[in-house]
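Shown next, in structure tokens, is the structure this report addresses.
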Amino acid sequence: MTTESTPSPPMWRELYRAAMTELDVRKLQQRINDARNAIMDRMEDTRTKPSYPEYQQLDDAFNGLRTLQQESDRSQQPDKKPALDGSTLRKAG
């Protein structure tokens, strides 16, 4: 549902782009939260009149934010290796 405090329908795309391109780790969590909330609000708004193409975009964006959140969490743990280090690319032999 769109109210004064929630973004207008196309706003979720802008918030998603802002989260995906944020380089400042201090701002990243808030960007992710803002985009996630906007996407969930839009999904709720379109529940009664679903548009498959937009729903697919919303679902893809939500999954992209989940991955971004996981990578952000992983990078903030000093004892963890990055997800794509050289060991993941070795050939079995």
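The values are calculated or read from the model by the stated rules, or taken from the named source; none is laboratory data. This is a predicted model, so every value here is computed, not measured. Here Cβ is always computed from backbone atoms with ideal geometry, including for glycine, and neighbour counts include all displayed protein chains.
Observations on the structure shown:
- ASP60 modelled with pLDDT of 95 or more and assigned to a helix (DSSP H, G or I): yes
- Members of region 20-37 that are touching a residue at least 12 places away in the same chain (Cβ under 8 Å) and closer than 16 Å to GLN76 by Cβ: VAL25, LEU28, GLN29, ARG31, ILE32
- For region 9-38, filtering for residues that are of a type in the set (Val, Ile, Thr) and modelled with pLDDT under 95 leaves 1.
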